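Have a look at the structure below before the remarks.
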Amino acid sequence: IAGAAELGPLIRKARKRMKLNQEEFAAHAGVGRRFLSELEGGKASVEFDKVLACARAAGIDIFARPRHG
């Protein structure tokens, strides 16, 4: 994932699979609905800890590893 523009739609898709509206999912993830809306829209200036909380709530694992090369 190169940025919020790629992650946001993944979170939206997972939320819809869970049959939750933005308000319900935001409460599940512990974030505000406006934050979730901006994240799903691909806004790049979101808070990283909240992004991770949304990914966890959506069942999305995010891994980081050093690049080699």
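The values are calculated or read from the model by the stated rules, or taken from the named source; none is laboratory data. The structure presented is a predicted model; accordingly, all values stated were derived computationally and were not measured. Because the Cβ atoms are built from the backbone with ideal geometry, glycine has one as well, and the counts that use them run over all protein chains shown. Ligands, DNA and RNA are excluded from the accessible area calculation, which covers all protein heavy atoms including side chains. Shrake-Rupley method; radii C 1.70, N 1.55, O 1.52, S 1.80 Å.
Some observations on this one:
- Residue match in the stretch 16-23 (condition: open to solvent by less than 100 Å² (accessible area, probe 1.4 Å) and closer than 19 Å to Ile1 by Cβ): no
- Among (1) modelled with pLDDT of 90 or more; (2) under 25 Å from Arg67 (Cβ atoms); (3) part of a loop (DSSP other than H, G, I, E, B) - the single one Leu10 does not satisfy: (3)
- The sole residue among Phe35, Phe63 that is assigned to a helix (DSSP H, G or I) and farther than 15 Å from Lys13 by Cβ is Phe35.
- Restricting the stretch 47-60 to residues that are assigned to a helix (DSSP H, G or I) and in contact with a helix residue (DSSP H, G or I) (Cβ under 9 Å, 6 or more places away or on another chain), the residue that is nearest to Ala4 (Cα to Cα): Val51
- Condition check for Ala44 on (1) surrounded by 12 or more Cβ atoms within 10 Å (Cβ to Cβ); (2) outside any helix (DSSP H, G or I); (3) more than 11 Å from the chain's Cα centre (by Cα): one failure, at (1).
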